[in-house]
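The values are calculated or read from the model by the stated rules, or taken from the named source; none is laboratory data. Computed from a predicted model, the values in this text were never measured in an experiment. Note: ideal-geometry Cβ built from the backbone for every residue, glycine included; neighbour counts use all protein chains shown. When the accessible area is computed, the model is the full protein with side chains, heavy atoms only, and any ligands, DNA or RNA have been set aside. Shrake-Rupley method; radii C 1.70, N 1.55, O 1.52, S 1.80 Å.
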Amino acid sequence: MVTTKSAATFDSVNPATGEVIASFPVHGEADVGAAVRRAREAATWWAGLGWKERRLRLLAWKSHITRYMSRLAELVHEETGKPLSDAKLEILLAIVHIDWAAKNAARVLGPRRVRSGLVAVHQSAMLEYQPLGVVAVIGPWNYPVFTPMGSLAYALAAGNAVVFKPSELTPAVGGWLVSSFHEVVPEQPVLQLVTGMGETGSALARSGVNKIAFTGSAATARKVMAAAAENLTPIVAECGGKDAMLVDSDADLDAAADAAAWGAMSNAGQTCVGVERVYVVSDVYHTFLEKLRERVAAIRPGDDREADYGPMTMPSQLDVIEGHVADALARDGQPLTGGLNSIRAPYVDPVILTNVPEESKAVTEETFGPTVTVTEVTDLAEGVKLANAGRYGLGSAVFTKSRKRAVEAARALRTGMTAINAVIAFAAVPSLPFGGVGDSGFGRIHGADGLREFARPKAITRQRFSPPVNLTSFSRTDKDMDKIVSLVTLLHGRRYR
Ligand code: NAD
């Protein structure tokens with residue numbers, strides 16, 4: 001654990017009850033700097049362990065989290081307010097990712113021979129992906145286990161040490177993850193925790209780490225990028241979204257309505273890849289709306305065991321939701337379910353809005369609440385066009401029975417991920433990269449791309465024999481050059497049409 005120079009603390013609060021869960025230190029620049037220095041040493045040790053030993057320790061961590069899942073889920077429930085079963089779901093997914101990263105790191109990043117080509121035939125060529133050193137992971141609160149794990153597991157599996165700053169709303173969950181790692185890797189502080197608000201994150205961004213894995217809003221990502229620019233520190237930015245779901249006329253409407261209800265309302269809509277907009281083809285629009293209304297009527301927020309979702313984790317989000325609903329209604333949007341009176345802190349009842357103009361905040365900005373807009377379109381192509389019109393491009397979904405049309409639409413959607421006939425399915429496939437386009441960020445976590453994000457490619461050549469023509473020598477003659485030009489002309493000079 002990081003020792004603290006400053007005496008300031010902050011409280012983690014249960015958003016449903018207002019009870020203080022625990023107090024945490026506000027780590028300042030000196031604390032963060034000390035953690036990064038310790039991480040440097042730990043990084044050398046961790047990298048030196050090699051693939052096999054790291055794999056073993058990461059799998060031990062996975063097993064530890066799996067065995068103590070109930071305890072961790074309780075903590076997630078307390079700090080975020082989400083139902084216990086949803087807490088378990090995000091932990092399950094995180095476990096799958098640790099497993100994949102641990103088991104695939106050597107294959108994806110380990111040394112391999114690559115072809116050297118005819119012109120460099122005398123060279124043997126090797127490629128490997130080396131650890132970067134120390135990675136800073138700055139996380140959000142909405143999925144305090146699953147989301148940072150997309151960076152933590154992959155950065156650790158790639159051989160880096162990590163300094164982790166969880167959201168100020170979920171420091172206890174962050175602390176639990178770090179302590180559990182220390183249980184299985186007690187030798188060195190390979191994964192450390194720093195706690196605090198934006199200033200602590202800012203100090204970490206300026207600390208000279210080798211990479212920053214940031215997950216949060218696009219507005220904060222801009223600040224983190226500006227801070228990172230001071231040291232030319234690369235960043236991966238996983239930001240917000242305004243995900244759209246498209247429903248074609250041949251879609252299974254029950255499945256689509258069920259997925260829209262869950263995609264929009266689960267976790268109180270506080271999901272970066274949650275469904276915030278639905279575009280439905282005209283001939284099934286009214287049937288879909290009715291099915292969605294029916295399903296949503298059975299959904300209820302609360303803090304009890306039967307509740308479908310919990311309170312808003314971050315109280316200030318209530319104002320954003322209210323602003324978006326009010327703006328939509330002022331522009332003649334129609335409430336199908338709920339409205340402004342659905343907002344009753346700390347809960348928000350489900351809101352379905354129709355006829356909302358495309359320039360409204362409820363369509364263009366991330367609402368991050370249990371609200372959804374449903375809009376009629378003439379065909380799938382118009383749905384794609386409207387879905388692509390915004391600044392964000394994180395996830396998306398398409399419902400149709402036609403595989404061809406679904407894949408065409410998926411390819412045309414300007415998002416990092418698309419699920420066909422489901423929502424959010426890609427997050428559970430550890431071999432697929434996860435990340436966005438535009439204001440949703442850049443770079444990827446998860447999968448082989450997620451591992452490479454936390455490694456630097458290293459190219460090595462070894463001269464196997466002296467070449468008949470040495471091009472990189474002052475002894476090279478014009479005749480040598482003529483020979484090589486003839487060879488290249490033969491190989492590459494053919495006309496293409
Ligand atoms: P946020 O941007 O307010 O905060 C994210 C983290 O950044 C927190 O730990 C915060 O303390 C820290 N931070 C704040 N100011 C900072 C600064 N100047 N320098 C460095 N760090 C700073 O976001 P949030 O409210 O915690 O999370 C919600 C947002 O995260 C939503 O937009 C959501 O869509 C997005 N999100 C994205 C993904 C994804 O994978 N793309 C996943 C989950 C959440």
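A few remarks follow.
- Efficiency of FRET between Thr287 and Ala428 - r from beta-carbon atoms, R0 25 angstrom, step 0.05: 0.30
- The loop-placed trypsin sites (Lys or Arg not before Pro) in the stretch 108-188, going by DSSP, that have at most 11 neighbouring Cβ atoms within 10 Å of their Cβ come out as Arg115.
- Residues whose amide H comes within less than 5 Å of that of Ile21, counting only those at least five positions distant or on another chain, are Ser12, Val13, Asn14 (H built at 1.01 Å from N in the peptide plane).
- As a length-normalised measure over Cα pairs under 8 Å and 6 or more apart, the relative contact order of the stretch 1-66 settles at 25 percent.
- Once the Cα gyration tensor of the stretch 305-360 is diagonalised, semi-axes √(5λ) in Å: 22, 13, 8
- Zone of Val114's modelled label, taken as backbone nitrogen in the stretch 180-222 under 15 Å from a point 7 Å along Cα→Cβ: none
- Built amide H within the under 5 Å cut-off of Gly302, gap 5+: Asp308, Tyr309, Gly310
- Rg/Rh ratio calculated on Cα atoms of the chain (Kirkwood radius): 1.05
- Each residue of the stretch 283-291 was assigned a 3J(HN,Hα) from its phi angle through the Karplus curve 6.51 cos²θ - 1.76 cosθ + 1.60 (θ = phi - 60°); the sequence is 5, 10, 4, 5, 5, 4, 4, 5, 5 Hz, with glycine and proline shown as x.
- Scaled to the globular estimate 2.2 N^0.38 Å, the Cα spread of the stretch 65-217, given as radius of gyration, is 1.21.
- In the context of the full set of protein chains, the stretch 401-497 has a per residue accessible area of 68 Å² (1.4 Å probe).
- When the trypsin sites (Lys or Arg not before Pro) in the stretch 137-230 are filtered for DSSP coil states and for at most 12 other beta-carbon atoms within 10 Å of their beta-carbon, no site remains.
- Counted residue by residue at 0.36 nm each, then reduced by the alpha carbon distance between them, the extension gain from Leu340 to Arg305 reaches 10.0 nm.
- Phi-based couplings in Hz for the stretch 444-461 (Karplus 6.51, -1.76, 1.60; Gly and Pro marked x): 9, 9, 6, x, 4, 5, x, 5, 5, 4, 10, 8, 10, x, 10, 9, 10, 10
- Two-decimal ratio, the stretch 192-337, of alpha-carbon radius of gyration to 2.2 N^0.38 Å: 1.35
- Under the Karplus curve 6.51 cos²θ - 1.76 cosθ + 1.60, θ = phi - 60°, whole-Hz ³J(HN,Hα) for the stretch 251-262, x wherever Gly or Pro sits: 5, 6, 6, 5, 5, 5, 5, 4, 5, 5, 4, 5
- Equivalent-ellipsoid semi-axes for the stretch 186-249 (Cα gyration tensor, √(5λ), whole Å, largest first): 29, 16, 12.
- Rg and Dmax, both from the Cα atoms of the stretch 372-497 and both in Å, are 24.8, 73.
- Per residue, the convex hull spanned by the alpha carbons of the stretch 276-343 comes to 105 Å³.
- Other-chain or far-sequence residues with amide H under 5 Å of Val278's (modelled H): Met245, Thr373, Val374, Thr375
- Estimated dipole of the stretch 268-348 in Debye, rounded to 20 [Cβ of Lys and Arg +1, of Asp and Glu -1, Cα centre]: 80 debye
- Low-density loop positions, GluC sites (Glu not before Pro), the stretch 269-309 - DSSP coil, at most 10 other Cβ in 10 Å: Glu306
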